[in-house]
Amino acid sequence: MYADSTIVVRYAETDQMGIAHHSVYPIWYEVARTDLIKKLGMHYSEMEAMGVMLPLTDMESHYHQAAKYEDELTVRARVEKMSAARIRFSYEVFRKGEETPINTGATAHGFVDSHTFQPINLKKRYPDLYALLSKAMEKDEIR
């Protein structure tokens with residue numbers, strides 16, 4: 001299951017050459033990750049209100065081609081794998097009308113208690129949330 005988010009490269013996101021700066025890709029990943037969770041039926045803020053946070057533990061980004069000012073991009077997010085304590089999202093960034101990604105990446109997050117920042121077993125503490133996020137690993141598409 002995946003969700004697609006549309007991004008138009010803004011001038012402020014580019015360098016002097018009109019190429020999207022490498023630092024904006026994690027922001028675009030966050031947009032897509034947030035949209036994926038929203039399309040599953042929950043907002044990030046609802047998870048935080050429950051007492052669950054997802055701090056970043058690892059990130060990778062691979063640049064295959066440059067994104068340029070005003071390019072319309074699709075950022076595709078999916079849950080690559082998940083355990084009771086961790087979740088890993090993968091991302092593909094496509095230029096409009098192209099089938100080959102210009103960027104691929106992934107982020108890994110731990111499930112922690114929002115008050116103590118101690119790791120939690122999401123499956124035990126919030127089984128409904130665990131089941132909801134697990135749905136994102138199915139093969140079907142959500143848009």
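The values are calculated or read from the model by the stated rules, or taken from the named source; none is laboratory data. Since we're looking at a predicted model, the values are computed, not measured. Here Cβ is always computed from backbone atoms with ideal geometry, including for glycine, and neighbour counts include all displayed protein chains. The protein model used for the area step is the full one, side chains on, heavy atoms only, and it has no ligands, DNA or RNA in it. Shrake-Rupley method; radii C 1.70, N 1.55, O 1.52, S 1.80 Å.
Of note:
- Label zone of Val31 (point 7 Å out along Cα→Cβ, amide N under 17 Å): in the range 56-84 this covers 66-78.
- For the range 21-37, Karplus couplings with θ = phi - 60° (6.51, -1.76, 1.60), whole Hz, Gly/Pro x: 5, 4, 6, 8, 4, x, 5, 5, 4, 5, 4, 5, 4, 5, 5, 4, 5
- Helical runs assigned H by DSSP (4 residues or longer) give the chain a calculated mean residue ellipticity at 222 nm of -7000 deg cm²/dmol, each run adding -39500 (n - 2.57) before division by the residue total.
- Separation of the Glu46 and Ser134 label points, Cα + 7 Å toward Cβ, nm: 1.8
- Springs join every pair of Cα atoms under 10 Å in this Gaussian network model of the chain, and among Arg125, Arg78, Arg88 the largest mean-square fluctuation is at Arg125.
- Förster radius 25 Å - calculated FRET efficiency between Arg86 and His21 (Cβ-Cβ, nearest 0.05): 0.30
- Relative contact order of the chain, pairs being alpha-carbon contacts under 8 Å that are 6 or more residues apart, as %: 31
- For the chain, a simple Cβ point-charge model (Lys and Arg +1, Asp and Glu -1, everything else neutral) yields a dipole of about 500 debye relative to the Cα centre.
- Whole-Hz ³J(HN,Hα) from phi, Karplus 6.51 cos²θ - 1.76 cosθ + 1.60, for the range 83-94, glycine and proline x: 10, 5, 10, 9, 9, 10, 9, 10, 9, 10, 10, 10
- Computed log₁₀ I(q)/I(0) - Debye formula, equal Cα scatterers, no solvent, the range 1-46, q 0.15, 0.20, 0.21, 0.24 Å⁻¹: -0.47, -0.69, -0.73, -0.83
- Among Ile102, Ile120, Ile27: highest mean-square fluctuation, GNM of the chain, C-alpha pairs under 10 Å: Ile27
- Applying the criteria of a DSSP loop state and at most 15 other Cβ atoms within 10 Å to the GluC sites (Glu not before Pro) of the range 74-143 yields Glu98, Glu99, Glu138, Glu141.
- With both labels modelled 7 Å from their Cα along Cα-to-Cβ, the Lys38 to Val8 distance reads 1.7 nm.
- Debye intensity ratio I(q)/I(0), log10, the chain, q values 0.10, 0.18, 0.21 Å⁻¹ (C-alpha model): -0.35, -0.99, -1.24
- Under 5 Å from the amide H of Val52 lie the amide H atoms of Ser114, each residue being 5 or more positions distant or on a separate chain, with H modelled from the backbone and absent for Pro and chain starts.
- Accessible surface, per residue, of the chain when the full set of protein chains is kept, probe 1.4 Å, Å²: 56
- Residue-wise HN-Hα couplings along the range 97-106, as the Karplus relation 6.51 cos²θ - 1.76 cosθ + 1.60 with θ = phi - 60° gives them from phi, are x, 10, 9, 9, x, 8, 8, 9, x, 7 Hz; Gly and Pro carry x.
- Residue separation of Thr104 and His62 scaled by 0.36 nm, minus their Cα-Cα distance, works out to 14.6 nm of gained length.
- Classified by the C-alpha gyration tensor, the range 101-140 has an oblate form. Its axis ratio a/c, with a ≥ b ≥ c, is 1.5 or above, and a/b does not exceed b/c.
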